[in-house]
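I have placed the structure first, in the form of structure tokens, so that the comments after it can refer back to it.
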Amino acid sequence: MSDVHEVIIIGGGPAGLTAAIYAARANLAPVIIEGYAAGGQLMITTDVENYPGFPDGVQGPELMEMFRNQAERFGAQIMTADVTRVDLSQRPFGVWIGDEEHRAKSIIISTGASAKWLGLESETRLRGYGVSSCATCDGFFFRDRDLVVVGGGDTAMEEALFLARIASHVTVVHRRDEFRASRIMVERVLAHPKITVRWNAEVDSITGDGAVEGVVVRDTTSGALDTIPTAAVFVAIGHSPNTDLFVGQIDLDAAGYIITNGTRTNIDGVFACGDVQDTIYRQAITAAGSGCAAAIDAERWVEAQSHGSAAAAQHA
């Protein structure tokens with residue numbers, strides 16, 4: 001077992017890397033285990049135009065490389081590996097990479113969330129080239145075009161309503177004959193003049209060579225196929241938080257997201273930031289902001305613990 005670190009950060013997206021920058025500047029000598037999926041969802045985002053400081057936009061992987069370089073500049077130790085096990089039941093906390101054990105006084109969890117996809121080959125091939133899971137991120141690129149949203153929950157309704165403000169027309173494709181979204185969201189979508197709904201339809205494939213050109217849908221009743229011309233497809237069937245490591249060790253909500261008060265979890269000294277605990281915003285900028293907050297909270301917690309230990313020693 002190696003020395004006990006002040007803080008270990010699990011996950012290397014915008015939240016984790018920002019936490020590493022702040023923790024390193026606070027002289028906590030953070031270790032960030034970024035995972036083989038380092039960079040998070042921005043690694044499959046081509047153009048990022050809504051991150052402050054980049055008026056001409058920036059490539060998602062390029063932005064993450066800048067985050068990473070900045071964290072290393074201030075002394076963060078970055079390990080490219082997947083955490084295979086954690087133990088939050090004893091102190092110092094345990095984090096394992098295979099058989100390699102690491103211990104830390106505090107932990108920052110920033111493992112993110114993964115968008116759910118349809119599982120189509122054409123969807124994977126065109127991801128980032130008109131196939132997206134985030135209208136807020138990518139809708140601007142398709143202003144005044146016909147667009148398609150896939151899904152039937154609140155997320156799909158929100159995406160459709162957002163896109164309707166900038167698109168010429170939005171078609172919502174849903175596999176059933178009624179939405180599962182909240183009534184008020186459904187009413188807004190059905191009443192919107194620029195949104196139509198294709199009921200009882202599943203996406204069979206997405207067409208296009210280098211860019212999306214259309215969506216082939218299958219009628220779930222008749223089995224008939226037809227194509228909806230579109231410039232982009234926004235898959236809005238939900239996200240899955242990357243919290244398998246923490247099941248049974250930390251409080252999670254019904255969907256598996258880490259429950260936090262600010263960035264504090266129910267375990268003293270364990271903090272969470274970014275999409276792993278954010279069910280609402282899911283943006284790079286909000287993830288980075290919560291990473292900053294988690295590092296500051298961890299710094300103050302470690303400092304309070306050291307003062308407490310020193311005081312206890314004086315009275316011993």
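Would you grab the residues whose amide H sits under 5 Å from the one on Gln59? Only those 5+ places off in sequence or on another chain, please, with H modelled 1.01 Å from N.
HN-HN under 5 Å from Gln59: Val48.
Taking only Cα atoms of segment 117-235, what ratio of Rg to Rh do you get with Rh as the Kirkwood inverse-distance radius?
That ratio equals 0.93.
List the chymotrypsin sites (Phe, Trp or Tyr not before Pro) within segment 1-107 that fall in a DSSP loop (any state other than H, G, I, E or B) and whose Cβ has at most 11 other Cβ atoms within 10 Å.
Tyr36
If I take every Cα pair under 8 Å that is 6 or more residues apart in the chain, average their sequence separation and divide by the length, what percent do I get for the relative contact order?
For the chain, the relative contact order is 21 percent.
In the set (1) 81, 62, 41; (2) 70, 40, 35; (3) 78, 38, 35, which value of Cα extents along the principal axes in Å was calculated from the structure you see?
Computed from these coordinates, Cα extents along the principal axes in Å corresponds to label (3).
5 Å is the cut-off here: which amide hydrogens, built 1.01 Å from N in the peptide plane, fall below it relative to His5, excluding neighbours closer than 5 in sequence?
The answer is Arg103, Ala104, Lys105.
Rank these for me by crowding, Thr136, Thr230, going from fewest to most other beta carbons within 10 Å.
Listed from fewest to most nearby Cβ atoms, that is Thr136, Thr230.
Work out from phi, with θ = phi - 60° and the Karplus expression 6.51 cos²θ - 1.76 cosθ + 1.60, the ³J(HN,Hα) of each residue of segment 166-175, listed in order in whole Hz, and give x for Gly and Pro.
Once θ is set to phi - 60°, the couplings for segment 166-175 become 10, 8, 6, 7, 10, 10, 9, 9, 9, 6 Hz.
So how do Leu163, Leu252, Leu225 line up by other beta-carbon neighbours within 10 Å, fewest first?
Leu225, Leu252, Leu163
Quick check: the angle from helix 60-73's long axis to the longest principal axis of the chain, C-alpha only, nearest 10 degrees?
Rounded to the nearest ten degrees, it is 10.
With each label point set 7 Å from Cα along the Cα-Cβ vector, what nm distance links Arg125 and Asp3?
In this crude spin-label approximation the distance works out to 5.3 nm.
Going by Cα centres, segment 17-70 and segment 263-300 are how many Å apart?
15
With n ≥ 4 as the cut-off for DSSP H runs, can you work out [θ] at 222 nm for the chain, using -39500 (n - 2.57) per run divided by the number of residues, rounded to the nearest 500?
Theoretical 222 nm ellipticity from helices: -8500 deg cm²/dmol.
Which percent, to the nearest 5, of DSSP beta bridges fully inside the chain are antiparallel?
The antiparallel fraction comes to roughly 45 percent.
So what are the ³J(HN,Hα) numbers for segment 109-122, from phi and the Karplus equation (6.51, -1.76, 1.60; θ = phi - 60°), rounded to whole Hz, Gly and Pro as x?
Working through the residues one at a time gives 9, 9, 7, x, 9, 10, 5, 7, 10, 7, x, 9, 4, 5 Hz.
Rule-based calculations on the coordinates, nothing more; no lab input. In this text the structure is predicted, and so the values were computed from the model without any measurement. Cβ: placed from backbone, ideal geometry, glycine included. Neighbour counts: every protein chain shown.
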